[in-house]
Amino acid sequence: MGHYENGQRGVNAPGDVALARYLNEGDLDMIVGGHSQEPVCMEGPNVVKKNFKPSDECKPDMQNGTWIVQAFEWGKYVGRADYEFKNGELNMVSYDLIPVNLKKKIKVDGKSQRVLVEDEIKQDAEMLAFLTPFQEKGQEQLGAKIASTNGKLEGDRNVVRFNQTNLGRLIGTAHMERAKADFAVMNSGGVRDSIAEGDVTYKDVLIVQPFGNIITYTDMTGAEVLDYLNVVATKPVDSGAYAQFAGIEMTVGKESVSDVVINGKALDPKATYRFTVPSFNAAGGDGYPKLTGHPGHVNTGFVDAEVLKEYLEANSPIDVNKYQPKGEIVYKN
């Protein structure tokens, strides 16, 4: 669920430290964590080692009698924890984050070279031969061109979690079209990367939307929509909860929204509107209002990455300027 130093999670959901503290002391021997994408390597109680480097000696976190370990991100390391069970007690003997053929830059005769941080972990020839045909088949399918763009579709984490972007707008538009909805809400945490100018492959799509969320829609009165937007549109920046929008205009204040326009007309409290939102958020993820019990809620069964893929195919070549936000969402806070 994520490792947050001393449980300080900010706008994120509670993590592994909160879990260990919530349970009775020692209920769990160890939590093998992930999600927050950093090495769990402690300097002392509740103090993370800030400048971790490959091959550094590490100590795991200990919270309420429970060890918490995490081996960084993206397969860069393998975590190893050795235990001894003796006289009814379990004790950790050693803990190590082992670099997997990571390299660093050094200068040799004035020229930059990349060298292994630790001894090379050799490939297993038999296992490599067994796996290669599957990799080749997968690469053939993943590398197939499905569309092209005339510019970058912006999904970088340090942009999409702070501002409305053309990729957020495009994804929302794809969801709207599939669900025949009036507008779309897309959490920025569900946009995991950008799509570069040029040819777009199926792999590009899966990198952007890797979670397999399902497209849902909900039919609500305008009054209900306003209550929903007052919560969702005011989520803070620099969090996955920050919402991308398509098909809607509004002014967003610190705690509420105003001047909402859908389909070119001011929001009518008595009219019925349909909007889409990923299944993760419909179930209450990111602190969004839970929609799954609403009588107008429908899980379409369509996977987000497949919907995006089909939309890109159908509308290629993609003109990125068509999806560029033009001030439809105005933030006043």
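The values are calculated or read from the model by the stated rules, or taken from the named source; none is laboratory data. Just so we're clear, the structure is a prediction, and the values are computed from it rather than from any experiment. Quick reminder, even Gly has a Cβ in these numbers, built from the backbone with ideal geometry, and neighbours come from all protein chains shown. To get the accessible areas, we keep the full protein, side chains included, count just its heavy atoms, and leave off ligands, DNA and RNA. Shrake-Rupley method; radii C 1.70, N 1.55, O 1.52, S 1.80 Å.
Do you know which residues across the range 53-71 are surrounded by 15 or more Cβ atoms within 10 Å (Cβ to Cβ) and more than 21 Å from Ala18 (Cβ to Cβ)?
Pro54, Cys58
In the range 119-136, which residues are under 23 Å from Leu97 (Cβ atoms) and of a type in the set (Asp, Glu)?
Of everything in the range 119-136, those that are under 23 Å from Leu97 (Cβ atoms) and of a type in the set (Asp, Glu) turn out to be Asp119, Glu120, Asp124.
Pick out the one residue from Asp319, Asp286, Asp304 that is open to solvent by 50 Å² or more (accessible area, probe 1.4 Å), within 24 Å of Thr165 (Cβ to Cβ) and at pLDDT 95 or above.
Asp319
Given the conditions (1) closer than 20 Å to Val260 by Cα; (2) within 19 Å of the chain's Cα centre (by Cα), which single one is not true for Glu224?
The number of the failed condition is (2).
When you go through Val277, Val257, Val252 one by one, which is the residue that is of a type in the set (A, V, I, L, M), touching a helix residue (DSSP H, G or I) at 6+ places or on another chain (Cβ under 6 Å) and open to solvent by less than 40 Å² (accessible area, probe 1.4 Å)?
Matching residue, one of Val277, Val257, Val252: Val257.
Before we move on, is Val117 surrounded by 12 or more Cβ atoms within 10 Å (Cβ to Cβ) and of a type outside the set (Lys, Arg)?
So Val117 passes the test.
Any residue that is touching a Pro at 6+ places or on another chain (Cβ under 6 Å) and touching a residue at least 24 places away in the same chain (Cβ under 8 Å) - is there at least one of those in the range 80-97?
Yes, the range 80-97 has at least one match.
Among the residues of the range 267-313, which ones are among the aliphatic types (A, V, I, L, M) and more than 29 Å from Asp199 (Cα to Cα)? Before the answer, list the steps.
Step one: of the range 267-313, the residues among the aliphatic types (A, V, I, L, M) are 267, 271, 277, 282-283, 291, 298, 303, 305, 307-308, 312.
Listed by number, the residues that qualify are Leu267, Ala271, Ala282, Ala283, Leu291, Val298.
Inspect the range 81-95 for any residue being open to solvent by less than 40 Å² (accessible area, probe 1.4 Å) and under 30 Å from Gly189 (Cα atoms) and give the result as yes or no.
Scanning the range 81-95, I find no residue that is open to solvent by less than 40 Å² (accessible area, probe 1.4 Å) and under 30 Å from Gly189 (Cα atoms), so the answer is no.
Select from the range 2-42 the residues that are open to solvent by 40 Å² or more (accessible area, probe 1.4 Å), assigned to a loop (DSSP other than H, G, I, E, B) and within 24 Å of Asn91 (Cα to Cα) and list them in ascending order.
Within the range 2-42, Leu23, Asn24, Glu25, Asp27, Leu28, Asp29 qualify.
Across the range 1-37, what is the number of residues that are over 21 Å from Pro236 (Cα atoms) and at pLDDT 90 or above?
Number of matching residues: 19.
Go through the range 146-192 and give me each residue that's under 29 Å from Asn12 (Cβ atoms), among the charged types (D, E, K, R) and surrounded by fewer than 18 Cβ atoms within 10 Å (Cβ to Cβ). Steps first, please.
Of the residues in the range 146-192, the ones under 29 Å from Asn12 (Cβ atoms) are 152-176, 179, 181, 183-192.
Imposing the further condition that a residue be among the charged types (D, E, K, R) reduces the set to 152, 154, 156-157, 161, 169, 192.
Within the range 146-192, Lys152, Asp156, Arg157, Arg192 qualify.
What residue, of Asp268, Asp238, Asp199, is of a type in the set (Asp, Glu), touching a residue at least 24 places away in the same chain (Cβ under 8 Å) and either open to solvent by less than 60 Å² (accessible area, probe 1.4 Å) or under 23 Å from Leu291 (Cα atoms) (or both)?
When all the criteria are applied, what remains is Asp268.
Would you be able to tell me the number of residues in the range 67-94 that are touching a strand residue (DSSP E or B) at 6+ places or on another chain (Cβ under 6 Å) and part of a strand (DSSP E or B)?
17
Among all residue pairs at least 6 apart or on different chains, which show Cβ distances below 7 Å where the first residue, located in the range 20-32, is at negative phi and the second is at pLDDT below 95 and exposed (fewer than 13 other Cβ atoms within 10 Å of the Cβ)?
Sorted first by the residue in the range 20-32, then by its partner, the pairs are Asp29/Leu90.
For the range 120-127, does any single residue satisfy the condition of being touching a residue at least 24 places away in the same chain (Cβ under 8 Å), open to solvent by 60 Å² or more (accessible area, probe 1.4 Å), farther than 23 Å from Ala20 by Cβ and out of contact with any helix residue (DSSP H, G or I) (no Cβ under 7 Å at 6 or more places or on another chain)? Steps first, answer last, please.
Going residue by residue through the range 120-127, those that are touching a residue at least 24 places away in the same chain (Cβ under 8 Å) are none.
Within the range 120-127, not a single residue is touching a residue at least 24 places away in the same chain (Cβ under 8 Å), open to solvent by 60 Å² or more (accessible area, probe 1.4 Å), farther than 23 Å from Ala20 by Cβ and out of contact with any helix residue (DSSP H, G or I) (no Cβ under 7 Å at 6 or more places or on another chain).
Consider only pairs whose beta carbons are under 6 Å apart and that are at least six residues apart or on different chains; among these, list those whose first residue lies in the range 217-232 and is more than 14 Å from Thr276 (Cα to Cα) and modelled with pLDDT of 95 or more and whose second residue is surrounded by fewer than 16 Cβ atoms within 10 Å (Cβ to Cβ) and among the acidic types (Asp, Glu).
Final answer for the pair search is Gly222/Asp268.
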